[in-house]
Amino acid sequence: MNGKRFAVAICALAFLSALSVARADEAAGVVTEMGFNKIAIKDKAGALRQLTLSQGDTKFDPDTWRPAEGDAVIVTFTQQDGRRGPVLTASLVKLGKAGPNSIANLKSPIVVSVTESGKTGIKATLPDGKAIKFTRHSGTVYTPAGWVPASGEKARVVFRIQPARLGYGLTYLADTIEKAN
């Protein structure tokens with residue numbers, strides 16, 4: 001008798017957990033707004049979706065890119081019930097076509113125009129005019145030795161990309177910052 005009750009209880013729990021599992025869905029559109037943990041996309045029909053980015057669960061493709069306003073993206077998401085209604089949580093944000101504000105497929109090394117230099121690294125302009133910051137770390141080498149980049153100078157930067165410690169951005173770690181002619 002106890003075995004039957006146990007089996008019924010297990011079946012009931014399995015049924016309830018199946019009901020609570022969020023179903024994955026997909027949407028394609030253009031990024032209209034970015035927030036600290038939100039992304040808004042508008043699809044071809046004009047529907048606007050507000051999606052939540054989850055620190056541990058949201059992946060980006062390519063992983064060396066982060067969405068910017070104007071990017072065409074494909075988002076895989078799940079819908080869950082929240083305190084104030086349904087919550088759409090992005091599990092994968094894939095770049096379809098880079099928009100005018102996007103930094104996608106940036107390759108190392110690159111020659112940039114320095115706009116600002118400081119203890120934490122340099123701020124610069126990429127050849128296409130987009131602004132970027134290269135962060136200095138304990139192993140960063142400036143060439144020639146003793147050279148301090150000044151605004152308006154060209155620099156050749158050897159860098160690597162890693163996810164930011166906070167938020168969803170990327171950190172461009174400068175390994176070498178070399179004076180370029």
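Results, tabulated for the structure shown:
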read-out: Residues being part of a strand (DSSP E or B) and surrounded by fewer than 17 Cβ atoms within 10 Å (Cβ to Cβ) - total across the stretch 95-112; value: 3
read-out: Of all residues in the stretch 31-72 being in a loop (DSSP other than H, G, I, E, B) and of a type in the set (A, V, I, L, M, F, W, C), the one that is farthest from THR171 (Cα to Cα); value: ALA45
read-out: Scan of the stretch 134-181 for residues that are under 30 Å from THR52 (Cα atoms) and either of a type in the set (D, E, K, R) or assigned to a loop (DSSP other than H, G, I, E, B) (or both), ordered by number; value: ARG160, ALA164, ARG165, LEU166, GLY167, TYR168, GLY169
read-out: Residue within the stretch 51-58 that is within 12 Å of the chain's Cα centre (by Cα) and modelled with pLDDT of 85 or more present; value: yes
read-out: Cβ pairs under 6 Å, 6+ apart, first in the stretch 162-177 and more than 20 Å from ILE110 (Cα to Cα), second polar (S, T, N, Q); value: ALA164/THR171
read-out: Unmet requirement for GLN162, which otherwise passes all of (1) out of contact with any Pro (no Cβ under 9 Å at 6 or more places or on another chain); (2) more than 14 Å from ARG66 (Cβ to Cβ); value: (2)
read-out: The stretch 59-83, residues that are exposed (fewer than 13 other Cβ atoms within 10 Å of the Cβ) and either in contact with a Gly (Cβ under 7 Å, 6 or more places away or on another chain) or at pLDDT below 90 (or both); value: ASP63, ASP81, GLY82, ARG83
read-out: Scan of the stretch 73-94 for residues that are of a type outside the set (Ser, Thr, Tyr), in a strand (DSSP E or B) and more than 14 Å from the chain's Cα centre (by Cα), ordered by number; value: PHE77, GLN79, GLN80, ASP81, GLY82, GLY85, PRO86, VAL87, LEU88
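Okay, residues lined up against (1) touching a residue at least 40 places away in the same chain (Cβ under 8 Å); (2) assigned by TED's automatic domain parsing to the domain that holds LEU170; (3) exposed (fewer than 13 other Cβ atoms within 10 Å of the Cβ); (4) in contact with a Phe, Trp or Tyr (Cβ under 9 Å, 6 or more places away or on another chain):
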site: PRO127; (1), (2), (3), (4): no, yes, yes, no
site: THR135; (1), (2), (3), (4): no, yes, no, yes
site: PRO144; (1), (2), (3), (4): no, yes, yes, no
site: LYS154; (1), (2), (3), (4): yes, yes, no, no
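The values are calculated or read from the model by the stated rules, or taken from the named source; none is laboratory data. From a predicted model like this one, the values you see are computed outputs, not experimental measurements. Backbone-built Cβ (ideal geometry, glycine too); neighbour counts: all protein chains shown.
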